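Colleague: Structure below; questions to follow.
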Amino acid sequence: EKPKEGRLAGLTTLKTLNKKQRFAVPWPICMTPESLKEWVAIESDSIQPLPHFRQEIFKMMDIAADKLRHLGAAVDSIDMGHQELPDGQNLPIPPILLAELGNDPKKPTVCFYGHLDVQPAKKEDGWHTDPFTLVEVDGKLYGRGATDNKGPVLAWINAVGAFQALNQDIPVNIKFIIEGMEEAGSVSLDELVKREKDRFFSNVDYIVISDNLWISKKKPALIYGTRGNIYFTVEVKCRDQDFHSGTFGGILNEPMADLVSLLGSLVDSSGHILIPGIYDNVAPLSEEEKKMYETIDLNLEEYQNNSQVERFLFDTKEEILMHLWRYPSLSIHGIEGAFHEPGAKTVIPAQVIGKFSIRLVPYMNISVVETQVKKYLEDIFSQRNSSNKLKVNMTLGVHPWIANIHDIQYIAARRAIKTVFGVDPDMIRDGSTIPIAKTFQDIIQKSVMMLPLGAVDDGEHSQNEKINRYNYIEGSKLFAAFFLEVAKMHS
Ligand SMILES: Cn1cncc1C[C@H](NC(=O)CCN)C(=O)O
Ligand SMILES: [Zn+2]
Ligand SMILES: [Zn+2]
């Protein structure tokens, strides 16, 4: 007789159940998200470059190291030194944790990557409750970092703890790489991964990242690709000091007019990027791939309503998904030096810096795109015959990442999802970027998988971020089921 779902099984009860039954009941080890509450309470904001927040991240990493040691893991807290910021400030970089539990050569070694820094949050921004106090309302656990990424890191720890609580052998060797600077661009993580390639990572078979969301509120998903990103600044400069438009207006090439025209020539109103050659290396669409988009369960109307957007650029589910996942996009982010405050100041800004980025997809190449962008902007600028100076800089270049969905760990994860949720996952991609995924793939040369736990409406980076209690509990079970499946398939 299968125990009823939703019933809290105490540890003793849980021990008496067989494997199948165990995955059908909630687990005491993650029923009270106490650790999540404790972790959310730490304001580990890596975006605001202030000593106070850095201290909070250090504290966060310390608490996490303790938690991992408590689990029986050997934990290395690696000092990452200091960081010089553009304003001259020198700030300490929080340590990166490398932890390992189990070293049985007969078992596969699974390494989990996660981050414990968070986006900034203030109650005044429109949170209904204090962002750093985990609060449960209607089965939703609200708090900054609940879904991005403290909850999933704890779910992995819960999964390991569950085997221990049941006195059961953990079927895989476990490793953790946990950082505290992801939201700020994973400062110095790349170097550490390169440095540890032949030591910490030498016996790693699989790398799992759980730092994205499902595409649905209910249906679990597996992610097999993320877009990359290439970020540009475009500076147009006349002189150092601003002008009065009454005394100089009419006799100048105005930097803002140059810049607006440059930015305005990047993309047309249908979203098509106007830079010559930019689509040349985009992977052609195969019939097989096209079919995959048809099977994804996305209610376009609901998606549109939830986004509060009147009309998207495309009106079929397939086109929307393809333009988020497998085609590049160009976004204009802002202009430094623009007069953006309210009021009617009659100023001519003397120097402005526009910022835009292009999401990259397979098989676009960063340096090819860089050259195409620079050449195009220089051509447009020269047609204007302006006396101002133009400088185009690439400030960030991250490759797109794509996984082989036939890898053992993808099959294992599909089976684990079936065990815990009773359904086959949506096989999806993500339009945003997790820079470290491609680094892991290139440097460690092992299979990387993204196994998300959170629902589409979790609001990462937004006000009222949450993780559903259901996702947190079932997610912990999912990781445990994954350990069992990957161990079975690996041998
Ligand atoms: C900082 N940055 C600049 N270019 C790309 C990024 C990463 C950022 N990553 C996320 O948001 C994680 C989503 N789960 C993004 O995709 O914008
Ligand atoms: Zn994240
Ligand atoms: Zn984030």
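The values are calculated or read from the model by the stated rules, or taken from the named source; none is laboratory data. The structure presented is a predicted model; accordingly, all values stated were derived computationally and were not measured. We place every Cβ from the backbone using ideal geometry, glycine too, and count neighbours over all the protein chains shown. Heads up: the accessible areas ignore ligands, DNA and RNA and are worked out on the full protein's heavy atoms, side chains in. Shrake-Rupley method; radii C 1.70, N 1.55, O 1.52, S 1.80 Å.
Colleague: Looking only at region 40-64, count every residue that is out of contact with any Lys or Arg (no Cβ under 9 Å at 6 or more places or on another chain), closer than 18 Å to G81 by Cβ and touching a residue at least 24 places away in the same chain (Cβ under 8 Å) and tell me the total.
Modeller: Residues flagged as out of contact with any Lys or Arg (no Cβ under 9 Å at 6 or more places or on another chain), closer than 18 Å to G81 by Cβ and touching a residue at least 24 places away in the same chain (Cβ under 8 Å) within region 40-64 amount to 6.
Colleague: Just one of E302, E310, E341 is without any contact (Cβ under 8 Å) to a residue 24 or more places away in the chain, more than 26 Å from the chain's Cα centre (by Cα) and either surrounded by 11 or more Cβ atoms within 10 Å (Cβ to Cβ) or outside the structural domain of D258 (by TED's automatic domain parsing) (or both); which is it? Talk me through it step by step, then tell me what you get.
Modeller: Working: E302 fails: more than 26 Å from the chain's Cα centre (by Cα); E341 fails: either surrounded by 11 or more Cβ atoms within 10 Å (Cβ to Cβ) or outside the structural domain of D258 (by TED's automatic domain parsing) (or both).
From the options E302, E310, E341, the qualifying one is E310.
Colleague: Separate question: Would you call V398 touching a strand residue (DSSP E or B) at 6+ places or on another chain (Cβ under 8 Å) and within 16 Å of ligand 3 (Cβ to nearest atom)?
Modeller: It is true that V398 is touching a strand residue (DSSP E or B) at 6+ places or on another chain (Cβ under 8 Å) and within 16 Å of ligand 3 (Cβ to nearest atom).
Colleague: Here is a further query. From the list N149, N158, exactly one residue is within 16 Å of ligand 1 (Cβ to nearest atom), surrounded by 23 or more Cβ atoms within 10 Å (Cβ to Cβ), within 21 Å of Y470 (Cα to Cα) and in the same structural domain as S44 (by TED's automatic domain parsing). Which is it?
Modeller: Being within 16 Å of ligand 1 (Cβ to nearest atom), surrounded by 23 or more Cβ atoms within 10 Å (Cβ to Cβ), within 21 Å of Y470 (Cα to Cα) and in the same structural domain as S44 (by TED's automatic domain parsing) holds for just one of N149, N158, which is N149.
Colleague: Only residues that are away from ligand 2 (no atom under 16 Å from the Cβ) and under 20 Å from the mean Cα position of the chain (by Cα): list them for region 144-163, please.
Modeller: Passing the criteria: only I157.
Colleague: Can I ask one more? From the list I47, I93, I63, I29, which residue is under 28 Å from the mean Cα position of the chain (by Cα) and open to solvent by less than 20 Å² (accessible area, probe 1.4 Å)? Can you show your working first?
Modeller: Values: I47 fails: open to solvent by less than 20 Å² (accessible area, probe 1.4 Å); I63 fails: open to solvent by less than 20 Å² (accessible area, probe 1.4 Å); I29 fails: open to solvent by less than 20 Å² (accessible area, probe 1.4 Å).
I93 is the lone residue from the list that is under 28 Å from the mean Cα position of the chain (by Cα) and open to solvent by less than 20 Å² (accessible area, probe 1.4 Å).
Colleague: In addition: Could you say which residue among F112, F58 is touching a Pro at 6+ places or on another chain (Cβ under 6 Å) and modelled with pLDDT of 95 or more?
Modeller: Just a single option satisfies the conditions, and that option is F58.
Colleague: Still on this structure: Give region 446-491 a look and list any residue that's assigned to a strand (DSSP E or B) and surrounded by 23 or more Cβ atoms within 10 Å (Cβ to Cβ), or say none.
Modeller: V448, M449, M450, G454, K466, I467, N468
Colleague: Filter region 164-188 down to the residues that are at pLDDT 95 or above and either more than 15 Å from ligand 2 (Cβ to nearest atom) or not assigned by TED's automatic domain parsing to the domain that holds P108 (or both), then identify the one that is farthest from I230 (Cα to Cα).
Modeller: Here the answer is D169.
Colleague: Scan region 96-120 for residues that are within 16 Å of ligand 3 (Cβ to nearest atom) and open to solvent by less than 10 Å² (accessible area, probe 1.4 Å) and report the count.
Modeller: Going through region 96-120 one residue at a time, the tally reaches 6.
Colleague: Can you run down the residue pairs with Cβ atoms below 6 Å, 6 or more apart or on separate chains, where the first is in region 466-488 and under 15 Å from L134 (Cβ atoms) and the partner is open to solvent by 10 Å² or more (accessible area, probe 1.4 Å) and of a type in the set (K, R)?
Modeller: Correct list of pairs: K466/K140; N468/K140.
Colleague: Evaluate the following for N203: is it within 16 Å of ligand 2 (Cβ to nearest atom) and either in a loop (DSSP other than H, G, I, E, B) or over 28 Å from K488 (Cβ atoms) (or both)?
Modeller: no
Colleague: Name the residues in region 177-196 that are in contact (Cβ under 8 Å) with a residue 40 or more places away in the chain, surrounded by fewer than 24 Cβ atoms within 10 Å (Cβ to Cβ) and of a type outside the set (D, E), would you?
Modeller: Residues satisfying the conditions are M181, A184, G185, S186, V187, S188, L189, L192, V193, K194.
Colleague: What is the number of the single condition among (1) touching a Ser or Thr at 6+ places or on another chain (Cβ under 8 Å); (2) modelled with pLDDT of 95 or more; (3) closer than 20 Å to P152 by Cα that K106 does not meet?
Modeller: (3)
Colleague: Does any residue of region 444-451 turn out to be assigned by TED's automatic domain parsing to the domain that holds F112, within 16 Å of ligand 3 (Cβ to nearest atom) and at pLDDT 95 or above?
Modeller: There is at least one residue in region 444-451 that is assigned by TED's automatic domain parsing to the domain that holds F112, within 16 Å of ligand 3 (Cβ to nearest atom) and at pLDDT 95 or above.
Colleague: Among the numbered criteria (1) over 29 Å from E191 (Cβ atoms); (2) open to solvent by 40 Å² or more (accessible area, probe 1.4 Å); (3) part of a loop (DSSP other than H, G, I, E, B); (4) not hydrophobic (A, V, I, L, M, F, W, C), which single criterion is violated by T13?
Modeller: For T13, the exception is condition (3).
Colleague: Return only the number of the condition from (1) more than 21 Å from V352 (Cβ to Cβ); (2) within 16 Å of ligand 1 (Cβ to nearest atom) that I278 does not satisfy.
Modeller: Condition (2) is where I278 drops out.
Colleague: In this structure, does E302 turn out to be in contact with a helix residue (DSSP H, G or I) (Cβ under 6 Å, 6 or more places away or on another chain) and acidic (D, E)?
Modeller: Values: in contact with a helix residue (DSSP H, G or I) (Cβ under 6 Å, 6 or more places away or on another chain): no; acidic (D, E): yes.
The answer is no for E302.
Colleague: Something else: May I ask you to verify whether E43 is assigned by TED's automatic domain parsing to the domain that holds G102, touching an Asp or Glu at 6+ places or on another chain (Cβ under 6 Å) and not in a loop (DSSP other than H, G, I, E, B)?
Modeller: Answer is no for this residue.
Colleague: Looking for whichever is in the same structural domain as F356 (by TED's automatic domain parsing), open to solvent by less than 60 Å² (accessible area, probe 1.4 Å) and of a type outside the set (S, T, N, Q) here; the options are I278, I251. Which one fits? Talk me through it step by step, then tell me what you get.
Modeller: Numbers: I251 fails: open to solvent by less than 60 Å² (accessible area, probe 1.4 Å).
Within the list I278, I251, the selection yields I278.
Colleague: When you scan region 348-440 for helices (runs of 4 or more DSSP H) that lie fully inside it, which ones turn up with 1 or more residues that are farther than 22 Å from V187 by Cα, open to solvent by less than 10 Å² (accessible area, probe 1.4 Å) and within 16 Å of ligand 1 (Cβ to nearest atom)?
Modeller: Helices (runs of 4 or more DSSP H) meeting the threshold: 366-384.
Colleague: Going residue by residue through region 77-86, is there one that turns out to be open to solvent by 40 Å² or more (accessible area, probe 1.4 Å), modelled with pLDDT under 95 and farther than 25 Å from E196 by Cα?
Modeller: yes
Colleague: Restricting attention to region 208-231, which residues are open to solvent by 20 Å² or more (accessible area, probe 1.4 Å) and aliphatic (A, V, I, L, M)?
Modeller: L213, I215
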